[in-house]
Each structure stands twice: as structure tokens, then as C-alpha cells.
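The structure appears right after this line, and notes come after that.
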Amino acid sequence: MPNQETSNKICPYCLEPITREDEITYCSKCGVPHHTECWRQKSAGLTVVEKPKIPETPTPKKPSGEPIISFQGVNKWFGKLHVLKDINEEIYPGEVVVIIGPSGSGKSTMLRCINRLETIQKGKLFVDGYEISNPKLNITPVRAEIGMVFQHFNLYPHMTVLENITLAPRKVRKMSEAEAEEIALELLEKVGIPEKAHAYPSQLSGGQQQRVAIARGLAMRPKIMLFDEPTSALDPEMIKEVLDVMKALAREGMTMVVVTHEMGFAREVADRVLFMDGGVIVERGTPEHFFVNPVEERTKLFLRQIL
Amino acid sequence: MSFDVITNNIPYLWEGLKTTLKLAAISIGLSFVLGTLLGMAKLSKRALIRIPATLYVEIVRGTPLIMVIFWVFFLIPILVGHSIQPFTSAVAAFTIFTSAYIAEIVRAGINSIPVGQTEAALASGLTYWQAMRYIILPQAITRMIPPLVGQFISLFKDTSLAYIIGVLELTRRATIINNREFKSFEIFTFTALIYFVLCYAMSRFAKYLEKRRRVGETKNEKIPEPEIMAGDIGAQTTP
């Protein structure tokens, strides 16, 4: 697995990934690896970090304006199983929020509530000004504003890549075929596979399929993109190509909610990280806070297990 | 043994075959529509839609076809207040009967499509009906073709039962000729042969359809090469 070093270890001083070639030392207190040079400069009192320094206490980013997604005391049960327990969370336009946690912690369920692939039983949930939790609300127009990428891609196997991408713009936005195809080709260019426009999904690798799925989500020009473990079903060598597309998207200012196990991605791209366990958001904060100074015992244990 | 009885009666039997084909075609068309709706109703979340559909399917599937034919032929006129044509009555009976089986095929076909397909379609802003029409049914139909054709073949053969209520289809006409000429062996062998040839053709056609659809989905289709413009070549050769 060639990417392991780079994807798992980030220097806490300069926030750049640590590669095999870099000279590194480990923190004497917590054992976190960092660039030797960065540490030296830091000790000498020089400023090397461009991004904010590691905060001592959790200080989630509080952008101005209204939240685009707002969970207010959200509860959900699957039968007797209480999967979401009193979730309160606000996500602002342009934010990249990464949800991590062990399997069965409710993170995917929380994500799927946002476009009502799962309904909630208690509490209120607002997305883009709509009350998703109101059962009388017609969800279809809201869903058109939210792109979603799934773990298993869920491309339509009976349609070409181009048809996969243009279907919703044509049928929901009532775009002409030419217009929809123009957008689709532009997006395929962006995700790096313009030559696959007329291929069928079964002719593509997993990484290519997932990039098509991202293009399909973007074709509706959504306000929010949801990613449900987008790299979990991929072979290791294909993870990077998908993450690169997602990083580019984050740089453009797309509001993204990402459920993932890619800690490297979380550290590099996320504005905020939520850690869930047992249907509860146990800890939240900036990636720096989260990976360097987690407060909760449960978070520390989880990070020890995966890093 | 003499084949005169057949050659002499070809035009008469041909009329019967036309009626049989018409009966089968109309019943197949109607039962496909009704069966698809029933199959989708059986998958509905709303009990008010699901339970009647389930009841219908169970009752019809638990009844012999001949009972459905009699039931429609003798009871409907009483309910409606006037008699109806045997042909119409037969179409109704076959539609009622076959749609119950098609409902089961459709339900199983839709169920066999991974739920992620529906989720992806709905998440992209498509309505439930659009998701069904563009995503689920086209995929489900590929999987439904073999059992559907089996059902259509059996319906085609079952149209012979319409002779009992006096529809002048192939079997009825064969019986009439036999009553007149007493050549059972020739007449019924020839009639059976007609049924067989048509059923066999249908089953071959289904195989072909199945193959063609599968090719479209998975086989490597040639990706068109980018066209070289005449101007490009010119640019290269010009010094």
C-alpha cells in the first residue's frame, strides 16, 4: 500500500503530509511524528505554519450566516435500536465536515437523514431552509439540491457514463440533451475521465466508477454534496484518485459532509471533524484539535486503534 | 390416414388461428399492464394498496383457470345485467388470471434490483415514478424476460380453453371439424403442431432478446476513436 505513510501521517506543525523521504522525529510526549525541520524551527521561535496553530481547546469554526444543515435534537430508531441519540449539529455553507467513528455508530444514518433516505422520529432537521423532519414536506425538490455519493457507487448499469450523468439534469431540471451533455462532458473532464463518456459502468475500474458517481452528483449543480464512505469499497491504489477529486471540490468551496475512514483526508481537507459512537457525537473540533489533542477518552481509544 | 382433411380445412383453421392469436395478444398486453401495476402495488408501503393487491394475487393463483373462465362468463352478465361476447369474456378471464402471475414476476424482478439503485435515483431528485421508469423497470425487465415469456407461452396454450365458452378459436374449430369428419388423429396432431411451432418460436425470440440486452449492458462496446480532422493532417504536412 504505497499511500499509507502519506495518508496517515501529517506533520502537526506545517500540516503537510509526511512522506517516506522526509526526515522525521517523534514527539517525546505523545509520540506523534513530525518533520524534524519544522520542530527545530518551532523551537527556535520561528513561525512555520501558515494555517492556525494547534489549538489548546476545541474551537470549531463558526462562520457567519445561516447554517445550511441544522440538526436539532434529532433521534432515530431502527425498531428498538436507538441509532441517533439527540443529535445537535449545524453545518454552514462552504464547510467540509467529516464524520468518523466505528461501524454501527450512526454516522451513515446521520448522513442519510439529510436527504431523507432515512426518516427521523424525533427532533427537527433543516436543510437549505426546508424542514426535512416535516413528513408533509415534498422531499424531491430538496434532494435535487443535494448530491450524494455512495460506498458502492450505485451507477445505473444499463446506461452509459454520459446517460448516468445526464439523466437527472434532463428529467428533473428539464434540460435539453445537448445542454446536459455539455455539462456532463465538462464534469468528466474535471474528474479526469473524459474518454469514458460512452463506456458502460461495468467497463470501468472502481475508482473510475466512483469518479463518475461524483460527476453525476455534481451535474445537478448541488448546494451540498454528501459522501457515504466513498472509498471504502475501493482497492487501495484507487483511493487516491477519488480523494483527489474530493479535495479539488473542497477547494472550490463546495459544502461537503463526508463519512469516511480516511484519516489523512480528514486531517488535510476537513474544516471540522465529528466523532460519533453509539449514536452520539462524542467529540467535535478542527482536525488539528481532533488528531493532536483529543479530549474524550473514547476518541483517543478510537484513534489509537486506527492510526 | 389422409391429409385431405387438413388441406381442405386450412382456411377454416386459419380463421381460428387468427382468433387465437388475437385472444392471446390482447390478453398478454392487458395482463402485462395490470400485472405490472399489481406487482408494484404489492411492494407499496401503504397497506391500503398492498393488501388488496396481495389478496387478488393469492385468490387468483389459488383458482383453476377454467373456474376463472366460467366465473367471468356466467357471473359478469348477472352483475352487469346483460350478456357479453364470449371473446370479450375470454379476454377478461385470461387477463385476470395471467396478471396475478405476472404480478409475482414483476415483484420478484423489482426486488432483485439492489436498493442502492433506487436510492441513487431518488437522491438525485427523481420522483418515485421516474426512478421506476428510468432505473428500476428497465433493469428488472431484463431479469423478468425468461419467466414472463414462460407465462406468455402458457397463456397462449391456455387460450385453447376458451373453446368451452364458444369462442371460435383454433381448438374450437379443430373440434368442429372432427365432429364432422371423424379424423381425430390428423386434426388434433396438426393443431398441436401449430401450437408447438408458435410456442417454440416465442421461446427462441425470448432467448435472443435476453442475449441482446445483456450484451448492451456488459459487453465491451467499441468506444469511438476521436476523429482526426482534415485540418490536423494538413497542419502536420505543411512545413
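The residues listed here are A:V245, A:V257; of these, the one that is in contact with a Leu (Cβ under 8 Å, 6 or more places away or on another chain) and either over 22 Å from A:E16 (Cα atoms) or open to solvent by 10 Å² or more (accessible area, probe 1.4 Å) (or both) is A:V257.
Quick check on the stretch A:291-302: of everything there that is farther than 20 Å from A:T109 by Cα and in contact (Cβ under 8 Å) with a residue 40 or more places away in the chain, which residue is surrounded by the most Cβ atoms within 10 Å (Cβ to Cβ)? Among them, the one singled out is A:F291. Looking at the structure I just gave you, is B:I84 over 30 Å from B:I136 (Cβ atoms) and assigned to a loop (DSSP other than H, G, I, E, B)? Yes.
In this structure, A:L81 does satisfy being more than 20 Å from the chain's Cα centre (by Cα) and modelled with pLDDT of 90 or more. From the list A:A219, A:A266, A:A213, the lone residue that is over 21 Å from A:S108 (Cα atoms), aliphatic (A, V, I, L, M) and open to solvent by less than 10 Å² (accessible area, probe 1.4 Å) is A:A219.
Within the stretch A:124-135, residues that are farther than 12 Å from A:P67 by Cα have Cβ atoms under 9 Å from residues that are open to solvent by 60 Å² or more (accessible area, probe 1.4 Å) and charged (D, E, K, R) in these pairs: A:E131/A:K124; A:I132/A:K124; A:S133/A:K122; A:S133/A:K124; A:N134/A:K124, counting only partners at least 6 apart in sequence or on another chain. Going by what's in this entry, would B:Y200 be described as more than 14 Å from chain A (Cβ to nearest Cβ), surrounded by 15 or more Cβ atoms within 10 Å (Cβ to Cβ), under 30 Å from B:R107 (Cβ atoms) and at pLDDT 80 or above? So B:Y200 fails the test.
The residues in the stretch A:165-201 that are within 25 Å of B:Y128 (Cα to Cα), at the interface with chain B (Cβ under 10 Å from one of its Cβ atoms), part of a helix (DSSP H, G or I) and of a type outside the set (A, V, I, L, M) can be counted, and the count is 4.
Residues that are open to solvent by less than 30 Å² (accessible area, probe 1.4 Å) and in a loop (DSSP other than H, G, I, E, B) were ranked within the stretch B:122-165; the one that is farthest from the other protein chains (Cβ to nearest Cβ) is B:L126.
Filtering the stretch A:138-158 to residues that are more than 8 Å from chain B (Cβ to nearest Cβ) and touching a helix residue (DSSP H, G or I) at 6+ places or on another chain (Cβ under 6 Å) leaves A:V149, A:F153. Of all the numbered requirements in (1) more than 19 Å from A:Q210 (Cα to Cα); (2) acidic (D, E); (3) surrounded by fewer than 18 Cβ atoms within 10 Å (Cβ to Cβ), A:D271 misses one, and that requirement is (3).
The residues on offer are B:R50, B:R61, and the sole one that is within 17 Å of the chain's Cα centre (by Cα) and surrounded by fewer than 22 Cβ atoms within 10 Å (Cβ to Cβ) is B:R61.
Being over 21 Å from B:R172 (Cβ atoms) and among the hydroxyl-bearing types (S, T, Y) holds for only one residue in B:S83, B:S89, B:S44, B:S27, and it is B:S44. Scanning the stretch B:110-121 for residues that are more than 7 Å from every other protein chain (Cβ to nearest Cβ) and small (G, A, S), we see that the one that is farthest from the chain's Cα centre (by Cα) is B:A121.
The residues of the stretch A:213-270 that are of a type outside the set (V, I, T), outside any loop (DSSP other than H, G, I, E, B) and within 14 Å of chain B (Cβ to nearest Cβ), listed by number, are A:A213, A:A215, A:R216, A:G217, A:L218, A:M225, A:L226, A:F227, A:D228. Of the residues making up the stretch A:121-147, those that are open to solvent by less than 80 Å² (accessible area, probe 1.4 Å) and part of a strand (DSSP E or B) number 7. Would the stretch A:102-116 turn up any residue that is more than 22 Å from the chain's Cα centre (by Cα) and open to solvent by 10 Å² or more (accessible area, probe 1.4 Å)? Checked against the condition, which is being more than 22 Å from the chain's Cα centre (by Cα) and open to solvent by 10 Å² or more (accessible area, probe 1.4 Å), the stretch A:102-116 yields no hits at all. Of everything in the stretch A:75-87 that's free of Cβ contacts under 8 Å to residues at least 40 places away in the same chain and of a type outside the set (A, V, I, L, M, F, W, C), which residue is least open to solvent (accessible area, probe 1.4 Å)? Among them, the one singled out is A:G79.
Scan the stretch B:70-93 residue by residue and report those that are closer than 13 Å to B:Y163 by Cβ and touching a Ser or Thr at 6+ places or on another chain (Cβ under 8 Å). Listed by number, the residues that qualify are B:F73, B:F87, B:A90.
The values are calculated or read from the model by the stated rules, or taken from the named source; none is laboratory data. Nothing here was measured: the structure is a model prediction, and the numbers come from that model. Methodologically, a virtual Cβ is constructed for each residue, glycine included, from the backbone with ideal geometry; neighbour enumeration extends over all protein chains shown. To get the accessible areas, we keep the full protein, side chains included, count just its heavy atoms, and leave off ligands, DNA and RNA. Shrake-Rupley method; radii C 1.70, N 1.55, O 1.52, S 1.80 Å.
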